[in-house]
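Input: a single structure, listed below in structure tokens.
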Amino acid sequence: MAVQFLFDGPNKAPATVLLAHGAGAAIDNPVMAMLAERLAASGLRVARFEFAYMAARRNGGSKRPPPKVELLSEEYRQAVTDLRGQIGAGPLVIGGKSMGGRVASLIADDLGDQAKVQGLLCFGYPFHPQGKPEKLRTAHLANLRLPTLICHGTRDPFGSREEVADYALSPMISMCWAEDGDHDLKPRKRVTGRDHASQLDQICHSAAAWIATL
């Protein structure tokens, strides 16, 4: 079955961004929608897709946890193939929110070597499970070859700024920090004077500027 996409942004954009969702929220959840809208407002074409387990939930299935990352990786590869069939040639950046970005990162170099994708964009990367900082999900990030941007909150419980500073990350990875941001990049307005919308405006503007350099 062909992968179904939710599109935002102009058809003739300089680049397309493929985004997958996090473990517990679908592609039309508020944060995913805000990210897609703001990337599109920066002139990018954005395609969102759901993994099969989340699509099953939407269709009345049980709320099972995500399957193994190996299966999700194969689903992501299929999404890239199907999207390429629709958009043809042109720059394609893969990524997603939380788990979606992690899955994309696991296949990024392979797809990059095949010239199928040109970059990796992650929002709120889950460097470790919440409350378990010793269980890192960073081994493959040390030697990542594909240009990568990780947009991350400084107080994200899946990896704070202080924790990330100690990780061995590839020089191909750039960090874009959302000041006082949580896992959704949301700041505390009483601390920063900023709301979620303005924070995402800035983050997505920075992401679009980074994509323009690829």
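Details
- Annotation for ASN11 and THR81: the two label points, set 7 Å from Cα along the Cα-Cβ direction, are 2.6 nm apart.
- Distant alpha-carbon pairs in the chain (separation over 24 angstrom), percent: 37
- Set of region 120-134 residues, backbone N closer than 20 Å to the point 7 Å along the Cα-Cβ line of SER160: 124-134
- Pairwise label distance in nanometres, ARG188 with ARG58, each label 7 Å out on the Cα-Cβ vector: 3.5
- Shape category assigned to region 28-117 from the gyration tensor of Cα positions, a/c cut at 1.5: oblate
- For the chain, the fraction of 1.4 Å probe accessible surface lying on carbon and sulfur atoms is 52 percent.
- Taking ARG161, ARG57, ARG102 in turn, the Gaussian network model of the chain (Cα-Cα springs below 10 Å) assigns the largest fluctuation to ARG57.
- For region 133-196, GluC sites (Glu not before Pro) are listed when DSSP marks them as loop and at most 12 other Cβ atoms sit within 10 Å of their Cβ; the list is GLU134.
- Bridges between two residues of the chain, per DSSP, are antiparallel at a rate of about 10%.
- Estimated vicinal HN-Hα couplings, Hz - region 72-83 in sequence order (Karplus 6.51, -1.76, 1.60; Gly, Pro = x): 4, 5, 5, 5, 5, 4, 5, 4, 5, 4, 5, 5
- Per residue solvent-accessible surface (Å²) - the chain, probe of 1.4 Å: 46
- Cα-centre dipole for region 125-202 with unit charges at Cβ (Lys and Arg positive, Asp and Glu negative), debye to 20: 100
- Long-range amide H partners of ALA15 with built H, under 5 Å: ARG45
- Under a Gaussian network description of the chain, with springs only between Cα atoms under 10 Å, the residue in MET172, MET32, MET99 that fluctuates furthest is MET172.
- Choice from ALA104, ALA115, ALA23 with maximal GNM fluctuation in the chain (Cα, 10 Å cutoff): ALA115
- Listed residues PRO67, ILE211, ILE173: farthest to the positive end of the dipole of the chain (Cβ charges): PRO67
- Our summary gives region 141-214 a relative contact order of 31 percent, counting only alpha carbon pairs under 8 angstrom and 6 or more residues apart.
- Proximal lysines to LYS63, defined as alpha-carbon separation beneath 28 angstrom and excluding residues fewer than eight positions away on the same chain: LYS97, LYS132, LYS135, LYS186
- Taking θ as phi - 60° and the Karplus parameters 6.51, -1.76 and 1.60, the scalar couplings of region 139-151 work out to 4, 6, 7, 5, 10, 4, 9, 7, x, 9, 10, 10, 9 Hz in sequence order, x denoting glycine and proline.
- Gain on full stretching of the segment that runs from ALA115 to ALA139 - 0.36 nm per residue minus C-alpha separation: 6.3 nm
The values are calculated or read from the model by the stated rules, or taken from the named source; none is laboratory data. Here the structure is a predicted model, which is why all the values come from computation and not from measurement. Note: ideal-geometry Cβ built from the backbone for every residue, glycine included; neighbour counts use all protein chains shown. For accessibility, only protein heavy atoms count, side chains too; no ligands or nucleic acids. Shrake-Rupley method; radii C 1.70, N 1.55, O 1.52, S 1.80 Å.
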